[in-house]
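Novice: First the structure, then my questions, so here it is.
The values are calculated or read from the model by the stated rules, or taken from the named source; none is laboratory data. Source: prediction; values computed, not measured. Ideal geometry is used to build each Cβ from the backbone, glycine not excepted, and the neighbour counts take in all protein chains shown. Side chains included, ligands, DNA and RNA excluded: accessible areas come from the protein's heavy atoms. Shrake-Rupley method; radii C 1.70, N 1.55, O 1.52, S 1.80 Å.
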Amino acid sequence: MVASYRRARREEGRIQEPRATADRDGAGRDGGWPRPLRGLVPAGAPPVRARGRRVLRAVLLVPVMAVAFLLVLALVYRALTPPSTLMLGRWATLQPVTREVVPLDAIAPALVQGVVASEDQRFCLHGGVDWDALWSVVDDEDGPSRGASTVTMQTVKNVFLWPGRSYLRKALEIPLALMADLVWGKRRTMEIYLNVAEWGEGIFGAEAAARHWFGKPARDLTRGEAALLVAALPNPILRNPRRPTRALRALAGRIQGRTAGIATLSQCVRP
């Protein structure tokens, strides 16, 4: 009887609760869920924070590279006259483009003066952006670009950006115009503008416009012809300088009248 009791106690002692220590399968000391196995994370993998910093640096690098690329282009365009984005679009769609690049000295002064008189009378005074004109039209219901674009802003729009009105494009025009005014200066900016401006379907630049509409080089344009070309600039596809409407003639007359007293406002583009 005693022996049976002692045997039963020995058997009972073998069945014990699990000890509060971790087993080989990774069980917790309290018998809970197993801890994650270290082998599931690849050896040498960077921490999550390090990967996040790398992604952030890559995202921030994109605008920096874009600015650097545009600055390099601007430096190149100090010597080489660029195409406009409209020209690139026509070439990409296999449409004809007519343009002959000429220096500013080969363009009639009347055309230069007409552009200043009509498009940007403060061209020689601002640093690429006419802030007073810009703030005056910020709340304009016709859009942010009406009446606010300087010749410099129009030039960078033609060379680097896309046509059409939008706050995004206007926001990009401003820093690009400041950069262009600093890198190109007034005379080179006007020279690029008069070589990329659109003057009809597939007609770009003052030389091509003068030859197409009046059958002469740009240096031989009269004041009346130059005024008609300037008057056509806001809508060159629909306005015909060779056969101007009464409204176009009236606008050209007003522009020609302004050029009479514009000499002092266009001194910065003289050689």
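Novice: If Asn195 meets every condition in (1) assigned to a helix (DSSP H, G or I); (2) under 27 Å from the mean Cα position of the chain (by Cα); (3) surrounded by fewer than 24 Cβ atoms within 10 Å (Cβ to Cβ) apart from one, which number is that one?
Specialist: (3)
Novice: Here's a follow-up. On the basis of being open to solvent by 70 Å² or more (accessible area, probe 1.4 Å) and at pLDDT 95 or above, does Pro103 make the cut? Outline the logic, then answer.
Specialist: Working: open to solvent by 70 Å² or more (accessible area, probe 1.4 Å): yes; at pLDDT 95 or above: yes.
It is true that Pro103 is open to solvent by 70 Å² or more (accessible area, probe 1.4 Å) and at pLDDT 95 or above.
Novice: Also, quick follow-up: Among the numbered conditions (1) closer than 22 Å to Asn158 by Cα; (2) within 31 Å of the chain's Cα centre (by Cα); (3) outside any loop (DSSP other than H, G, I, E, B), tell me where Ile237 comes up short.
Specialist: (3)
Novice: Taking Thr264 as the residue in question, decide whether it is hydroxyl-bearing (Ser, Thr, Tyr), on the phi < 0 side of the Ramachandran plot and in contact with a Lys or Arg (Cβ under 8 Å, 6 or more places away or on another chain).
Specialist: Values: hydroxyl-bearing (Ser, Thr, Tyr): yes; on the phi < 0 side of the Ramachandran plot: yes; in contact with a Lys or Arg (Cβ under 8 Å, 6 or more places away or on another chain): no.
So Thr264 fails the test.
Novice: Are there any pairs, at least 6 apart or on different chains, whose C-beta atoms fall under 7 Å, with the first in segment 89-112 and over 14 Å from Ala208 (Cα atoms) and the second among the small types (Gly, Ala, Ser), and if so, which?
Specialist: Arg90/Gly202; Gln95/Gly202; Ala110/Ala226; Val112/Ser266
Novice: Continuing with this model, one more query. Just the residues that are small (Gly, Ala, Ser) and open to solvent by less than 40 Å² (accessible area, probe 1.4 Å), please, taken from segment 165-184.
Specialist: Initially, segment 165-184 is screened for residues small (Gly, Ala, Ser), giving 166, 171, 177, 180.
Ser166, Ala177, Ala180, listed by residue number.
Novice: Give segment 199-214 a look and list any residue that's of a type in the set (Phe, Trp, Tyr), open to solvent by less than 10 Å² (accessible area, probe 1.4 Å) and either in contact with a strand residue (DSSP E or B) (Cβ under 7 Å, 6 or more places away or on another chain) or in a helix (DSSP H, G or I) (or both), or say none.
Specialist: Applying the first criterion (of a type in the set (Phe, Trp, Tyr)) to segment 199-214 yields 199, 204, 213-214.
Then drop every residue that is not open to solvent by less than 10 Å² (accessible area, probe 1.4 Å), which leaves 199, 204.
Passing the criteria: only Phe204.
Novice: For segment 111-130, enumerate the residues that are surrounded by fewer than 20 Cβ atoms within 10 Å (Cβ to Cβ) and in a helix (DSSP H, G or I).
Specialist: Of everything in segment 111-130, just one residue is surrounded by fewer than 20 Cβ atoms within 10 Å (Cβ to Cβ) and in a helix (DSSP H, G or I), namely Glu119.
Novice: If we keep just the residues of segment 255-271 that are modelled with pLDDT of 85 or more and open to solvent by 60 Å² or more (accessible area, probe 1.4 Å), which is nearest to Glu191 (Cα to Cα)?
Specialist: Keep residues of segment 255-271 that are modelled with pLDDT of 85 or more, which gives 255-259, 267-269.
Checking the rest, the ones that are also open to solvent by 60 Å² or more (accessible area, probe 1.4 Å) come to 256, 258, 267.
Details: Gln256: 20, Arg258: 21, Gln267: 14 Å.
Residue satisfying both the conditions and the ranking: Gln267.
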